[in-house]
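S.K.: Questions regarding the structure given below will be posed in turn.
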Amino acid sequence: MHAASGSATAAVLALSDTPRATAVAILAAVLVSLSALDVIRLLDRRVNVLFFRSFRSFASPREARGPASSTWYTFGLLLTVAFFPRRCAVSGILVLALADPAASYVGRRWGRRAFLGATLEGTLLFAVVAFCIVAPRHGIAAAAATALVTTLAERLSRPLDDNLTLPVVGAATIALLEAVL
């Protein structure tokens, strides 16, 4: 879901002439809907239990008392699309969509060395995937800087959710570098 949602959003942004205002409006509508569902489920224990039963493979324990990851994810996409140039937004979204789940999978499966609340193996893979996403679109220097900054943001996002911070930090880093270089 993580990779599919972000990749689909990035593809629509990259391959269509969808105006920014339309994309922002769609993402805002989705965010309002997800936020309403979060409020309902957090106010009614039975709905929250049903949520966890229905989305067992997607939900994490930290969502039991706060917004769902999908809500943070959509908020991150919305801010990224609203405030950054499309090329930068697409790259930031792809870092979230691909580097984050790859790092999580590798860290859980093969990670052995602890690093800032995760594993060194997962963290290094995050940086490599982020670099590989950004390099062809923005060049080696932007890719190296974005990989470093987003890797640190992924590890140090707390108390915010990394689904919110990663696309914003990635797009901001690229936009800043493109403005300076």
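The values are calculated or read from the model by the stated rules, or taken from the named source; none is laboratory data. Source: prediction; values computed, not measured. Because the Cβ atoms are built from the backbone with ideal geometry, glycine has one as well, and the counts that use them run over all protein chains shown.
S.K.: Scan the stretch 148-161 and tell me whether some residue there is among the aliphatic types (A, V, I, L, M), in a helix (DSSP H, G or I), in contact (Cβ under 8 Å) with a residue 60 or more places away in the chain and surrounded by fewer than 24 Cβ atoms within 10 Å (Cβ to Cβ).
M.R.: Taking the stretch 148-161 first, the residues among the aliphatic types (A, V, I, L, M) are 148-149, 152-153, 156, 160.
Those left that are additionally in a helix (DSSP H, G or I): 148-149, 152-153, 156.
This time we only want the ones that are in contact (Cβ under 8 Å) with a residue 60 or more places away in the chain, so: none.
Checking the stretch 148-161: not a single residue is among the aliphatic types (A, V, I, L, M), in a helix (DSSP H, G or I), in contact (Cβ under 8 Å) with a residue 60 or more places away in the chain and surrounded by fewer than 24 Cβ atoms within 10 Å (Cβ to Cβ).
S.K.: Let me ask something else about it. Go through the stretch 147-181 residue by residue and tally those that are closer than 19 Å to Arg87 by Cα and of a type in the set (Lys, Arg).
M.R.: Going through the stretch 147-181 one residue at a time, the tally reaches 0.
S.K.: Which of the following residues is within 21 Å of Pro85 (Cα to Cα) and of a type in the set (A, V, I, L, M): Ala114, Ala144, Ala127, Ala118? If you could, list the steps in order and put the result at the bottom.
M.R.: Details: Ala114 fails: within 21 Å of Pro85 (Cα to Cα); Ala127 fails: within 21 Å of Pro85 (Cα to Cα); Ala118 fails: within 21 Å of Pro85 (Cα to Cα).
Only one candidate passes the filter, namely Ala144.
S.K.: If you don't mind, there's one more thing I want to ask. Can you tell me which residues in the stretch 26-54 are free of Cβ contacts under 8 Å to residues at least 24 places away in the same chain and within 19 Å of the chain's Cα centre (by Cα)?
M.R.: Passing the criteria: Ile26, Ala29, Val32, Ser33.
S.K.: Related question: Which one is modelled with the lowest pLDDT among residues in the stretch 6-21 that are surrounded by fewer than 12 Cβ atoms within 10 Å (Cβ to Cβ) and either touching a strand residue (DSSP E or B) at 6+ places or on another chain (Cβ under 8 Å) or not small (Gly, Ala, Ser) (or both)?
M.R.: Within the stretch 6-21, the match that is modelled with the lowest pLDDT is Asp17.
S.K.: Anything in the stretch 40-80 that is surrounded by 20 or more Cβ atoms within 10 Å (Cβ to Cβ) and of a type in the set (Lys, Arg)? List them, or say none.
M.R.: Arg41
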